[in-house]
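Working notes, beginning with the structure itself.
The values are calculated or read from the model by the stated rules, or taken from the named source; none is laboratory data. The model shown is predicted, which means the values in this text are computed figures rather than measured ones. Heads up, the Cβs are rebuilt from the backbone with ideal geometry, glycines too, and the neighbour counts pull from every protein chain shown. In case anyone asks, the SASA skips ligands and DNA or RNA and just uses the protein heavy atoms, side chains included. Shrake-Rupley method; radii C 1.70, N 1.55, O 1.52, S 1.80 Å.
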2 protein chains.
Amino acid sequence: MKNLLVAQSGGPSAAINATLVGVVEKGLADQNIDKIYGAKNGIMGILTDKLIELNDKLADPETLQLLCQTPSSALGSCRMKLSHWEESTFEYDKIIKVFRKYNIGYFIYIGGNDSMDTVKKLSGFCERMHIDDIKIIGAPKTIDNDLMETDHCPGFGSAAKYVSTTMSEISCDCNVYAQPSITIVEIMGRDAGWLTAASALGRLNGDTAPDLIYLCERPFFVDQFLDDVRAKMEEKHSIIIAVSEGIKNEEGDYVTDTLKDRAVDAFGHKILAGASRYLEEILRFEIGCKVRSIELNVMQRCASHVASASDIYESRLIGSAAADYAISGGTGKMACIKRTSTKPYRFEIDFVDIDQIANQVKTVPDEWINPAGNDVTQEMIDYLLPLIQGELPCTYKNGVPVHLRLY
Amino acid sequence: MKNLLVAQSGGPSAAINATLVGVVEKGLADQNIDKIYGAKNGIMGILTDKLIELNDKLADPETLQLLCQTPSSALGSCRMKLSHWEESTFEYDKIIKVFRKYNIGYFIYIGGNDSMDTVKKLSGFCERMHIDDIKIIGAPKTIDNDLMETDHCPGFGSAAKYVSTTMSEISCDCNVYAQPSITIVEIMGRDAGWLTAASALGRLNGDTAPDLIYLCERPFFVDQFLDDVRAKMEEKHSIIIAVSEGIKNEEGDYVTDTLKDRAVDAFGHKILAGASRYLEEILRFEIGCKVRSIELNVMQRCASHVASASDIYESRLIGSAAADYAISGGTGKMACIKRTSTKPYRFEIDFVDIDQIANQVKTVPDEWINPAGNDVTQEMIDYLLPLIQGELPCTYKNGVPVHLRLY
């Protein structure tokens, strides 16, 4: 009998705890597993021997359900990359020592790109050192949806549902006056525009926003942008624009870098303005009407009260599959969602070598952005649509959602 | 038989269409009413003869239900104050002419302070001119909760539920890393801190945010603020602060005015920074840890997918009561919610003379703010709690909420 260890890493999402639930459920059900441990704050918690036993804490289905509706990482998170073991095995020796102390046979690491780098290095180290009784599997998680080899990433669907729902509500809000106005909505994604693209789903039921969409994959030209805005304002008095936080100019520099070079705050520091603030200033200067900028900020990654049912379902399933695969002897891989059909939506879970995934970014295919670079195509809509389907009952108490704390 | 006219004005809310539904329901059911008209963009639509007939558009219960879950003003809105009729009757003559053209006997104006000013002036004009066959009643609406004479305002409860729900989720999100961090959440309210106070409800189920709360009613001292933050950071590594957008210094100037005097953007313009941005810069300079600022922006007033059931119920009821009161011959008043008991929560609707309401602001009582000025008291919690109770089924299609468009 071996023990199972699970940890979470990277930025919060509304679904990462559903994957944790999947891992724990498998561990509780499998007769090869004795104890299930969770490491606090990802790999940092393993390095510092901060493990907590989960068997009793997560024994009943009601608690697991509450954990599923708790956003962010219930075990805590970190943003940490291991050093290369070829250079120093210090961290690795520490980790293996903790694994041995707790008799860990299986380690599931839930996270994004940095976490998959950890899976790659740690499983590579074990292979090199002929440590073959510790199996390490990655479970994907990122609202950026930018991990390779998986059709999409757990957490993305819920973020996309929040973005599209909110966009449809902003559409009602910002079209209410007769006066001309422009609203810019900034959406997370520095290198991949998937989540910004999901704003297009806000139009599915007849709401009109967004009128223009700019992803970070295409170079951003201010002149073209102003032309687009002026053309839309000819058609209607109030327009709403969705923009990736990571839009860059032709040289590949963030457009906000231009602003930062010039703007200073009350203390003489450069202003840390976002893309929407930058565009707000440009539009106010060049167009002159009422302009508002909105950052969806952390809400887009933690609004679990409006999570996508299909995302939570898949996230839970992928956690369970990852644990199952490790217990069956698999290591050095990430659980991936393989879409087998879009209409009707069908998928299966397979496991892909971690070397094909770690430290890479899956960006939006150019052909899913329209030729003018200010909207997405129907292929993109078809791809996104299944990921935001379904609503979950959310348990409220005192009028506010209930969240589970593990420590 | 007379016709009934309804219009909406002021800023959007998640409940203003529920009040419209209440008015329409009463009009449809009352045998004294022939047609029900809605004016586009509030009083502006009356001045410009832009009325639409609502009887057929809102004939079935399913459509009314969809309208209840549609945020913002389905009839459009405006921000317009009538001139004084003692100075010029031009606008008033135009309005009465349109009323006569459409045989309007009853006019319900749903809105906040500016709208109640319109109710006051228009009913005053009718009284002075002995026009006694047109009855004018105000129905309150504002997420700011700052109208006099009513225990609370329709729309506030839903905004409060959004703020508390979001605060509980931000609590999960921002406490996830082991590193020290400060998060500032800016909440709407320039003159009244009710909605900022509602952030305290985010703690009801054990989430810890907000750690500090600053309302715009108390003067804001930067030094005291820094002392508060430093003291909290001694207790815990990650803290979350709720702040009214309208916090002012001892002289009564918005704290952001200080910043605007000094900060310039890429075009040499003064930066239109919010309170949270201002505090973010101060904290980054003075404390030096990771600081994030979040504006809940328009989402706090339009997130109808997480509306408060009790707010939507009361909003609908107050619309119906306002129409009923007008049809019964009442005029020059606003429908008010009178709380008769807090535990258990009970209320009734009464009608208060509009002169006691228009152009005044109900701020938070000083005794509902703690002595240190950085939190609210239990009396405030008791007052707020009933207003966010209950969740409503929201109709989704394609994974996104369905909204109703009236034109």
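Figure legend. Inter-residue proximity from the stretch B:288-300: first residues more than 7 Å from every other protein chain (Cβ to nearest Cβ) and free of Cβ contacts under 8 Å to residues at least 60 places away in the same chain, second residues assigned to a strand (DSSP E or B) and open to solvent by less than 10 Å² (accessible area, probe 1.4 Å), beta-carbon distance below 7 Å, spacing 6+ or different chains. No pairs are indicated.
Restricting attention to the stretch A:78-137 and to residues that are β-branched (Val, Ile, Thr) and over 30 Å from the mean Cα position of the chain (by Cα), the residue that is nearest to residue A:335 (Cα to Cα) turns out to be A:131. Taken together, B:183, B:196 contain a single residue that is away from chain A (no Cβ under 14 Å), crowded, with 24+ Cβ neighbours inside 10 Å and not aliphatic (A, V, I, L, M), which is B:196. Among the residues making up the stretch B:387-407, those that are in contact with a strand residue (DSSP E or B) (Cβ under 8 Å, 6 or more places away or on another chain) and modelled with pLDDT of 95 or more are B:388, B:391, B:394, B:395, B:396, B:399, B:402, B:406. Test residue A:214 against the stated conditions and say whether it is open to solvent by 10 Å² or more (accessible area, probe 1.4 Å) and either within 13 Å of chain B (Cβ to nearest Cβ) or free of Cβ contacts under 8 Å to residues at least 24 places away in the same chain (or both). When the stated conditions are applied, residue A:214 does not pass them. Filtered by the rule that a residue be over 27 Å from residue B:248 (Cβ atoms), part of a loop (DSSP other than H, G, I, E, B) and modelled with pLDDT of 95 or more, the stretch B:132-179 gives B:132, B:133, B:134, B:154.
Within the stretch A:19-68, being of a type in the set (Gly, Ala, Ser) and free of Cβ contacts under 8 Å to residues at least 24 places away in the same chain holds for one residue alone: A:29. Screening residue A:208 on (1) free of Cβ contacts under 8 Å to residues at least 40 places away in the same chain; (2) open to solvent by less than 10 Å² (accessible area, probe 1.4 Å) shows it passes everything except condition (2).
Among residues of the stretch B:273-286 that are at the interface with another protein chain (Cβ under 10 Å from one of its Cβ atoms) and in contact (Cβ under 8 Å) with a residue 40 or more places away in the chain, those with a Cβ under 8 angstrom from a residue that is open to solvent by 20 Å² or more (accessible area, probe 1.4 Å) and assigned to a helix (DSSP H, G or I), sequence gap 6+ or separate chain, pair up as B:282/B:222. The set of residues from the stretch B:395-407 being open to solvent by less than 30 Å² (accessible area, probe 1.4 Å) and at the interface with chain A (Cβ under 9 Å from one of its Cβ atoms) comprises B:399, B:400, B:401, B:402, B:403. Filtering B:128, B:100, B:79 for residues that are within 14 Å of chain A (Cβ to nearest Cβ), of a type in the set (Lys, Arg) and either open to solvent by 20 Å² or more (accessible area, probe 1.4 Å) or more than 30 Å from residue B:304 (Cβ to Cβ) (or both) leaves a single hit, B:79. Of the set (1) open to solvent by less than 30 Å² (accessible area, probe 1.4 Å); (2) in contact with a Leu (Cβ under 8 Å, 6 or more places away or on another chain); (3) within 22 Å of residue B:15 (Cα to Cα), all apply to residue B:358 but (2). Residues in the stretch A:149-180 that are farther than 30 Å from residue A:354 by Cβ and open to solvent by 10 Å² or more (accessible area, probe 1.4 Å): A:172, A:174, A:175, A:177, A:178, A:179, A:180. Scanning the stretch B:40-68 for residues that are facing chain A (nearest Cβ under 10 Å) and polar (S, T, N, Q) gives B:41, B:48. Applying the set (1) crowded, with 23+ Cβ neighbours inside 10 Å; (2) more than 14 Å from every other protein chain (Cβ to nearest Cβ); (3) not charged (D, E, K, R) to residue A:219 leaves exactly one unmet item: (1).
Yes or no: the stretch A:370-385 includes at least one residue that is loosely packed, with under 13 Cβ neighbours inside 10 Å, over 24 Å from residue A:117 (Cβ atoms) and hydrophobic (A, V, I, L, M, F, W, C). Taking every residue of the stretch A:370-385 in turn, at least one turns out to be loosely packed, with under 13 Cβ neighbours inside 10 Å, over 24 Å from residue A:117 (Cβ atoms) and hydrophobic (A, V, I, L, M, F, W, C).
Every listed requirement among (1) more than 14 Å from every other protein chain (Cβ to nearest Cβ); (2) at pLDDT 95 or above is met by residue B:303 save one, (1).
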